[in-house]
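A quick write-up on the structure given underneath.
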Amino acid sequence: MVDASSLFPGGLRRLLRQLHAAYEKERKACLAARRKYLHRLPEPNPAIRRSAWQVRPLPPQLQQRQVEITGPAEPKLIINALHSGADVFMADLEDALTPHWAKQIEAQQALYQAARGTLSFVSPEGKEYRLDPAYPTLLMARPRGLHLLEKHYKIEGQPIAASFLDTATYLYHNAEPLLSRGKGPYLYLPKIESPAEARLWEAVLSHCEQYLGLPIGTVRVTVLIETFPAAFQMEEILYELREHVAGLNAGRWDYLFSLIKVHQHQRDFVLPEREKLTMEVPFLWAYAEEVVRAAHRRGALAIGGMSAFIPDRKNPALTEAAFAQVRKDKTREIAQGFDGAWVAHPDLVPVVKQLFQEGLGGQPNQLPHLPQGDFVPSSLRAFPQVEEEGLSLSGIRRNVEVALLYLTAWLEGRGAVALFHLMEDTATAEIARSQLWQWLHADPRPRVKETGQPLSYLLYEELIAQTRQHYPTVSPQAVRLLQELVYTPHFIPFLTSYAYRRYLS
């Protein structure tokens with residue numbers, strides 16, 4: 001395994017300096033421009049929408065992506081995922097991996113070996129895992145978003161953008177080994193909010209290709225449509241990335257979190273409990289359809305959402321009930337025109353793969369499928385209302401529990417956590433804490449269904465105390481972090497950025 005000292009050779013350090021000098025100012029400008037969406041949402045660009053253009057044609061290995069498994073870029077998980085039979089494994093450096101420097105270094109080291117087919121791992125119990133060099137699953141990596149910094153790598157005294165560091169490091173070390181093995185340097189791009197941000201990513205990718213001597217378009221990316229502003233600009237984002245983009249992905253939890261963030265100043269805007277925000281709700285149905293419409297219209301694939309269920313082999317009845325729900329959800333996505341979907345556990349790979357193989361009639365994708373009608377922006381705003389009798393106590397409690405349990409794990413360096421039979425990552429904590437914030441700062445505050453009383457700080461403190469009593473592993477630091485995120489009158493844009501600055505050394 002490459003050691004930390006050799007992870008950043010002179011050639012990579014030069015590339016990082018170039019990226020920082022060329023694009024850091026633009027990155028900061030893009031982040032500052034996000035504030036405008038708090039006051040006015042974007043509108044589609046008629047010139048781009050009317051023009052006849054397509055993204056660069058997909059290479060053969062990217063035309064079938066019916067099942068994609070995702071998880072943190074950790075050695076054992078990488079090996080298991082690449083042996084799972086999925087079409088793609090997305091190795092996550094962002095939401096499912098914490099920003100602890102040791103975790104990020106270990107992840108890049110593991111990806112270095114995985115790209116060469118040499119990754120191995122020995123568990124604390126002595127069990128050995130070894131990657132089959134002939135693994136057929138495509139490896140993709142998700143770098144951290146534009147909003148995050150890496151304070152452990154500085155250029156002229158300034159922390160480098162984590163997105164630049166992750167992308168350049170992965171491509172510098174792994175592009176050629178992957179290409180030599182018949183695969184390719186493929187990425188997922190998170191948290192994009194605008195065409196300007198897509199244009200910045202396009203420039204960064206082209207710069208890396210030129211520096212590494214790769215033809216333009218060698219690096220292919222899939223864009224996560226997981227922010228509310230991006231949902232209004234999918235074709236515009238595809239246009240800016242047309243030399244490199246291969247697909248769009250529907251990321252529901254981050255999308256809902258972004259929705260609350262965008263409406264933070266509208267204190268009469270309140271979403272109901274998380275479990276009621278299913279993909280059958282009209283505004284989420286419209287969002288999913290637009291992912292398919294925009295992607296297929298321009299020649300890119302549309303990848304559906306996550307099946308986060310973790311099978312319990314000791315509880316067959318629970319597992320079969322969950323499988324039935326997964327089948328229902330993926331059948332809906334197939335009917336909407338999606339070309340594939342995400343899963344969080346290897347046991348779900350054959351379940352979802354069979355559905356897509358049968359639903360697509362043996363075809364690799366559904367690119368010819370276009371939803372009927374044109375994009376109607378107002379359909380993305382058909383929000384459900386909180387029921388007149390209020391929020392359920394169980395729904396409020398579950399957000400408190402999920403937030404505290406996840407934040408405890410995150411602060412300890414675990415970014416993917418099994419909670420209540422689901423594999424959760426930062427996106428889950430973001431929607432949980434943002435809903436708690438929204439309900440508390442709404443005007444008027446929603447009532448609690450069981451008591452008829454308005455939601456209050458006192459109720460939150462009672463639920464926090466009960467959670468700590470029921471789950472003794474919840475850390476005082478996690479409690480303090482959640483209180484800071486929820487009780488502040490000003491919405492904190494990202495818990496990861498905030499906690500990284502305040503809690504991680």
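Quick notes on this structure:
- Karplus-derived HN-Hα couplings along segment 491-497 (A = 6.51, B = -1.76, C = 1.60, θ = phi - 60°), whole Hz, x at Gly and Pro: 4, 7, x, 9, 5, 5, 4
- Net charge in the neighbourhood of Leu31 (other residues with Cβ under 12 Å of its Cβ; Lys, Arg +1, Asp, Glu -1) is +3.
- Nonlocal amide H pairs with Ala91, under 5 Å, H built at 1.01 Å: Met140, Ala141, Arg142
- Charge context of Pro368, other residues only, Cβ under 12 angstrom, K/R +1, D/E -1: 0
- Whole-angstrom gap from segment 446-505 to segment 1-75, using each part's C-alpha centre: 32 Å
- Quarter of the Cα convex hull surface for the chain, i.e. its orientation-mean projected area (nm²): 23.1 nm²
- The HN-Hα couplings worked out from phi for segment 259-264 by the Karplus form 6.51 cos²θ - 1.76 cosθ + 1.60 (θ = phi - 60°) are 4, 5, 4, 5, 9, 4 Hz, whole numbers, x standing for Gly and Pro.
- Among residues other than Ala432 with Cβ under 10 Å from its Cβ, the summed charge is 0 (Lys and Arg +1, Asp and Glu -1).
- Percent of beta bridges antiparallel (DSSP, segment 4-377, rounded to nearest 5): 20 percent
- Between segment 320-380 and segment 244-317, the Cα center-to-center distance that results, in Å: 13 Å
- Under Karplus coefficients 6.51, -1.76 and 1.60, residue-wise ³J(HN,Hα) of segment 22-27 in Hz, glycine/proline x: 7, 10, 5, 4, 5, 4
- Scanning residues 5 or more positions from Val343 or on other chains, those with amide H under 5 Å from its amide H are Glu68, Ile69, Thr70, Ser307, with H placed 1.01 Å from N in the peptide plane.
- Counted over segment 388-503 with a bin width of 10 Å, the fraction of Cα pairs per bin, in whole percents, is 14, 48, 32, 6, 0.
- Highest average first, the peptides 64-75, 286-297, 411-422, 469-480 ordered by how many other beta carbon atoms sit within 10 Å of their residues are 64-75, 286-297, 411-422, 469-480.
- Close amide H pairs (under 5 Å, H built 1.01 Å from N) link Leu419 with Glu424, residues at least 5 positions away or on another chain.
- Treating each Cα of segment 1-41 as one equal point scatterer and applying the Debye formula with no solvent, the log10 of I(q)/I(0) at q = 0.23, 0.27 Å⁻¹ comes out as -0.77, -0.87.
- Contact order normalised by residue count of segment 388-503, Cα under 8 Å, 6+ apart, percent: 33 percent
Quick note: the coordinates plus some simple rules give every number you see, no bench work behind them. Nothing here was measured: the structure is a model prediction, and the numbers come from that model. Backbone-built Cβ (ideal geometry, glycine too); neighbour counts: all protein chains shown.
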